[in-house]
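Read through the structure below, which is laid out as structure tokens, and then see the notes.
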Amino acid sequence: MKRKLTSPLQRLIQITFLFSSMILLTQCNKDGENETTTLNGRFVNETFLKQVSDSIPGLVPVYCYELNFDGTDSVNILYGFEQAKLAYKKNGEKYQIIQALKDKDMIFTLTKDSTLNLIDSAWNGANQNSTFKQVKNSTDFISSLNKKMIAGEYELFKGDKSTQIKVNLKEDGSVSGLEKFTSYTLCYSGDCVGEIYPISNSITFSNEQKETVLYAFKVDKTRNRLNIYHVEAPVKDIKGERAVKELAFDLRK
């Protein structure tokens, strides 16, 4: 049986097709590498957030509160009182944040359900590593913390009687219905942790003139109450040691 000869035109078509397939395969491989080695998205420390309801945030050991990836080879890290931008790389199935611990790298893994596991237990002395959950672009760690701890609509009480005044503490840190305050900030890290004695949960309210007032607060989730207390005025040349005083606001859901 005679072998069918291939015409020059057919041969050219075959070569062109083969060459095009190789280019496409190479490009797919590159795209695949980009998808797996560079990350996008904001991740908040879910392990930390699960603990703050029954503790004082500033006393919970934590390496960082948020990891924000922007599609480059670096990650923006929120430590609370400061931030940093560090390089990271993929090594097999794991990722390494370069020099996260001075001269040492920190490892993390990423699951298909957008859960990030940071291997940080050796650093913070906890018995488990920290789990981070990816959040929407409109959400960050601060709004997640506000939501977990106190955000919601309350009714203001005085002398155990309702004033019929509605107080709204929003997740974005804005407030309405509470005197002339327009925003609030929860203390979770930094010098504010030791400002009140004994160490307590604290909140700072601000008005439109950017004037601020510090308060202590307690949350009673079983009774749906948020009690906010006055604290002593700061003393010159003395850092912290501001005692908790009388009840300032009795908020109930």
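The values are calculated or read from the model by the stated rules, or taken from the named source; none is laboratory data. Keep in mind that this is a model prediction, so the values were computed, not measured. In this analysis, Cβ positions are derived from the backbone assuming ideal geometry, glycine residues included, and neighbour counts consider all displayed protein chains.
Would it be correct to say that ARG242 is of a type outside the set (Asp, Glu) and in contact with a Lys or Arg (Cβ under 6 Å, 6 or more places away or on another chain)? Spelling it out, it is not the case that ARG242 is of a type outside the set (Asp, Glu) and in contact with a Lys or Arg (Cβ under 6 Å, 6 or more places away or on another chain). Of the strands (runs of 3 or more DSSP E) lying entirely inside segment 67-132, not one is found with 2 or more residues being buried (at least 17 other Cβ atoms within 10 Å of the Cβ), at positive phi and of a type outside the set (Lys, Arg).
When LEU214, LEU156, LEU178 are checked against the criterion of being farther than 30 Å from LEU39 by Cα, of a type outside the set (Gly, Ala, Ser) and under 24 Å from the mean Cα position of the chain (by Cα), a single residue qualifies: LEU214. Taken over segment 133-169, residues that are loosely packed, with under 14 Cβ neighbours inside 10 Å, over 23 Å from SER183 (Cβ atoms) and outside the structural domain of ARG223 (by TED's automatic domain parsing) amount to 0. Listed here are the strands (runs of 3 or more DSSP E) enclosed by segment 212-252 that have at least 2 residues being more than 19 Å from ILE56 (Cβ to Cβ) and in contact with a strand residue (DSSP E or B) (Cβ under 7 Å, 6 or more places away or on another chain): 212-220, 242-252. Sub-6 Å Cβ pairs linking a first residue in segment 220-247 that is under 18 Å from LYS148 (Cβ atoms) to a second residue that is not in a strand (DSSP E or B), at least 6 apart or interchain, are ASN224/LYS253; LEU226/ILE150, ordered by first then second residue. Exactly one residue among VAL193, VAL175 is in contact with a Leu (Cβ under 8 Å, 6 or more places away or on another chain), buried (at least 17 other Cβ atoms within 10 Å of the Cβ), in a helix (DSSP H, G or I) and not basic (Lys, Arg), and that residue is VAL193. In segment 136-150, the residue that is nearest to ASP54 (Cα to Cα) out of those that are free of Cβ contacts under 8 Å to residues at least 60 places away in the same chain and of a type outside the set (Lys, Arg) is ASN146.
Here's the yes/no breakdown for (1) touching a strand residue (DSSP E or B) at 6+ places or on another chain (Cβ under 7 Å); (2) at pLDDT below 85; (3) more than 17 Å from ILE142 (Cα to Cα):
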site: ILE15; (1), (2), (3): no, yes, yes
site: THR37; (1), (2), (3): yes, yes, yes
site: ASN45; (1), (2), (3): yes, no, no
site: LEU67; (1), (2), (3): yes, no, no
site: GLU82; (1), (2), (3): no, no, no
site: ILE97; (1), (2), (3): yes, no, yes
site: LEU118; (1), (2), (3): yes, no, yes
